[in-house]
Amino acid sequence: MSRENYLPVELIKTSSRGGVARSTASTPEACQKVAGGRQAKRGRPPETTPKDRCTPEGCQWHHAAESIWHPCRDANIHLDGNPGSPALRLATRGYLLARLRRALKPGSNLKFAILSIFIALVSFACSRTPKPTPDVVVVDRPALTLDPNDRAWNDIPEHVAQLLLQDMVDPRLMEPSTAVVHVQAMTDGKDIAFRLSWDDATMNDMPGPAKFTDACAVQFPQKAAPDLPAPQMGEMGRQVEIAFWRANWQAVVDGRGDTIKDLQPNASVDHYPFEAQSLQPGSPEQKEMQQRYSPARATGNTMAGPRERPVECLIAGGPGTLTPDLTLQANGKGKYEKGKWAVVISRPLPEVLRAAPRSQAAFAVWEGSHREVGSRKMRTGWVPVVREQKKS
């Protein structure tokens, strides 16, 4: 990317006397130099200095009230690749407390003290991250949400599940892609909703020849038993239930059309018999003709759509035995933002969690840009899932 694509950045600092100092930088290097210099002068830990905040849309670095960064937007600048990392939160708290103590000293500007307190409180609120847990903790809620950005997820414990190569069954995945998936869960006693989030540099939601879409899945044992079936899609006589979300299904649900023209705008179509003017749109004759020229749908294959939900329930008794489970209805919603997928999958509360407060689940992620499809995926083994016990 050329240097000319970067917009000037303005660094703003409010002095203890209420004055405002400004400086500008028009390149990534200059942006980092000015921001880093400011940080060094203020005694802020060097690890929290942003490294890549200059973008083609302009540098996002913004200081107000003695270098306290912009709440909600910059409170989650991260050290280890994970927003809101513990190391960053510790540095943030220490820095803000030091600034507050200085602001509240006798003789300090009252307006600045109030502004500092306000920004500190908002920064703490916006940078809250879910508490990590060794198990997937299912929290009781009066109502579930399908929105992965809903604030209801903010205080739900988060389990970070390590993903493994699926290298046991052909076709195998031999090169790793997605490293971890972050899992949260809530239930209203009837259904259960999982929020899965993972890093993905590219969004892949377009079907077609040699195209692969992003996807994820949640798997449960179908029946409660003393021991578990194999996590690789169960075993014969010991089936598993799978709720499967795909990015291309989400795109259709979100409004993208399902025709050749929608998927391939530059394609040229001579004629489809079911579009003949002699056929009344929506008539039985027109629907019959349309079905005749859609062989997958004529045989009951709904993988290509059109779809009303981006999630499908499946059942399996081992690799190669996957079939739709028409007895379950699942739903969900996925959003891709800033190199990360966040997907909510909701399904009826499984029998294994109705029978006992503790069970196991498995998770899988497909990265389309890595040509992952079918058994070529990153997956977990069985992960403990625990329903939160209500306090009496």
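The values are calculated or read from the model by the stated rules, or taken from the named source; none is laboratory data. What you see is a predicted model; the values in this text were computed from it and never measured. Ideal geometry is used to build each Cβ from the backbone, glycine not excepted, and the neighbour counts take in all protein chains shown. Calculation scope for accessible area: heavy atoms of the full protein, side chains included, ligands and nucleic acids excluded. Shrake-Rupley method; radii C 1.70, N 1.55, O 1.52, S 1.80 Å.
Note down the accessible area of Leu164, probe 1.4 Å, to the nearest 10 Å². Roughly 80 Å² of Leu164 is accessible to a 1.4 Å probe. Label-to-label distance, Asn149 versus Asp262, with points set 7 angstrom from Cα along the beta-carbon direction: 2.3 nm.
If R0 is taken as 35 Å, the Cβ-Cβ distance between Asp254 and Leu328 corresponds to a FRET efficiency of 0.95.
Cα centroids of the range 142-189 and the range 241-303: 31 Å apart. Packing here is the average count of other Cβ atoms within 10 Å per residue, and on that basis the peptides 134-143, 313-322, highest first, run 313-322, 134-143.
Arrange the peptides 332-345, 357-370 so that the one whose residues have, on average, the most other Cβ atoms within 10 Å appears first.
Values: 332-345: 19.7, 357-370: 21.5.
Put in order of decreasing packing, that is 357-370, 332-345.
Among 266-276, 371-381, how do they line up from the highest to the lowest mean number of other beta-carbon atoms within 10 Å?
Result, highest mean Cβ count within 10 Å first: 371-381, 266-276.
Just subtract the alpha-carbon distance of Glu175 and Lys335 from 0.36 nm times their residue separation and send over the number in nm, one decimal.
Values: separation 160, 0.36 × 160 = 57.60 nm, distance 2.58 nm.
Full-extension gain reported as 55.0 nm.
Taking a ≥ b ≥ c as the square roots of the eigenvalues of the alpha-carbon gyration tensor, the range 139-248 is classed oblate because a/c is 1.5 or more while a/b is no larger than b/c. Computed over the Cα atoms of the range 333-381, pair by distinct pair, the Kirkwood hydrodynamic radius stands at 13.4 angstrom.
With r as the distance between the Cβ atoms of Gln389 and Met303 and R0 = 56 Å, compute the FRET efficiency 1/(1 + (r/R0)^6) and round to 0.05.
Working: r = 40 Å, r/R0 = 0.71.
After rounding, the FRET efficiency stands at 0.90.
3J(HN,Hα) couplings calculated from phi for the range 322-331 with the Karplus curve 6.51 cos²θ - 1.76 cosθ + 1.60 (θ = phi - 60°) are, in sequence order, 5, 9, x, 9, 7, 7, 10, 10, 10, 8 Hz; Gly and Pro show x. Grouping the Cα pair distances of the range 310-392 into 10 Å bins from zero gives a pair-distance distribution of 13, 38, 38, 10, 1 percent in increasing distance order.
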